[in-house]
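Asker: For reference, the structure I am asking about is given below.
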Amino acid sequence: MSAPRVLLAKPGLDGHDRGIKVVAMGLRDAGAEVVYLGLRRTPAEIVQAAIQEDVDVIGISVLSGAHVALVRELLAERDAHDLADVPVVLGGTVPERDADKLRELGVAAVYPVGASLAEVIEGILLLAPERRRAS
């Protein structure tokens, strides 16, 4: 089986990217191929990159408080391009009530501030082979 491919991006106007870069390094150290799009990406850009890079998981980081709106847009864009089998995970400043809402919308996993790096890496890597096995 090939290495899992994970796309990471920062949608919206949030300019803080230290956490997502730590996650990217952790995933690489764990054997994943990581595509990092950087800051201020639109949901459409994220989905286009997911298509081009044939990724197994899309991970986004949102600290601005706009996570629900951004996730709605990202999931709609993902589904419009027949990528519903690509799980989306989100990390950032997310109150528990919003984490529940995000999961209801279809986010595969939510990692709020304080989640351990090991937990995040393990969770993402567990999602990736599920998609590869399904294809």
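Asker: Is it the case that some residue within region 50-61 is among the hydroxyl-bearing types (S, T, Y) and farther than 23 Å from E119 by Cβ? Full working, then the answer.
Answerer: Pass one, region 50-61, residues among the hydroxyl-bearing types (S, T, Y): 61.
Restricting the remaining residues to those that are farther than 23 Å from E119 by Cβ gives none.
No, region 50-61 contains no residue that is among the hydroxyl-bearing types (S, T, Y) and farther than 23 Å from E119 by Cβ.
Asker: Moving to a separate point now. Do any residues in region 86-99 that are over 17 Å from L8 (Cβ atoms) have Cβ atoms under 6 Å from those of residues that are open to solvent by less than 20 Å² (accessible area, probe 1.4 Å), where the two are at least six apart or on different chains, and which pairs are they?
Answerer: These pairs meet every condition: A99/V110.
Residues checked against (1) over 22 Å from R41 (Cβ atoms); (2) open to solvent by less than 20 Å² (accessible area, probe 1.4 Å); (3) hydrophobic (A, V, I, L, M, F, W, C); (4) more than 14 Å from the chain's Cα centre (by Cα):
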| site | (1), (2), (3), (4) |
| --- | --- |
| L63 | no, no, yes, no |
| A69 | no, no, yes, yes |
| R72 | no, no, no, no |
| H81 | no, no, no, yes |
| R97 | yes, no, no, yes |
| D100 | yes, no, no, yes |
| A109 | no, yes, yes, no |
| V113 | no, no, yes, yes |
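Asker: Go over the candidates V88, V113, V47, V71 one by one and state the one that is out of contact with any Pro (no Cβ under 7 Å at 6 or more places or on another chain) and over 19 Å from V6 (Cβ atoms).
Answerer: On the way: V88 fails: over 19 Å from V6 (Cβ atoms); V47 fails: over 19 Å from V6 (Cβ atoms); V71 fails: over 19 Å from V6 (Cβ atoms).
Going through V88, V113, V47, V71 in turn, the sole match is V113.
Asker: Turning to a different aspect of this structure: If you check G31 against the conditions, is it open to solvent by less than 50 Å² (accessible area, probe 1.4 Å), closer than 20 Å to G123 by Cβ, within 11 Å of the chain's Cα centre (by Cα) and not hydrophobic (A, V, I, L, M, F, W, C)? Spell out how you get there, then give the answer.
Answerer: On the way: open to solvent by less than 50 Å² (accessible area, probe 1.4 Å): yes; closer than 20 Å to G123 by Cβ: yes; within 11 Å of the chain's Cα centre (by Cα): no; not hydrophobic (A, V, I, L, M, F, W, C): yes.
In short, no.
Asker: Under 9 Å by Cβ, and 6 or more places apart or on different chains, what pairs join a residue from region 42-54 that is open to solvent by 60 Å² or more (accessible area, probe 1.4 Å) with one that is modelled with pLDDT under 95?
Answerer: That search, which allows pairs on different chains as well, returns T42/P11; T42/G12; E45/P11.
The values are calculated or read from the model by the stated rules, or taken from the named source; none is laboratory data. For clarity, every value in this text was computed on a predicted model and none was experimentally measured. Note: ideal-geometry Cβ built from the backbone for every residue, glycine included; neighbour counts use all protein chains shown. To get the accessible areas, we keep the full protein, side chains included, count just its heavy atoms, and leave off ligands, DNA and RNA. Shrake-Rupley method; radii C 1.70, N 1.55, O 1.52, S 1.80 Å.
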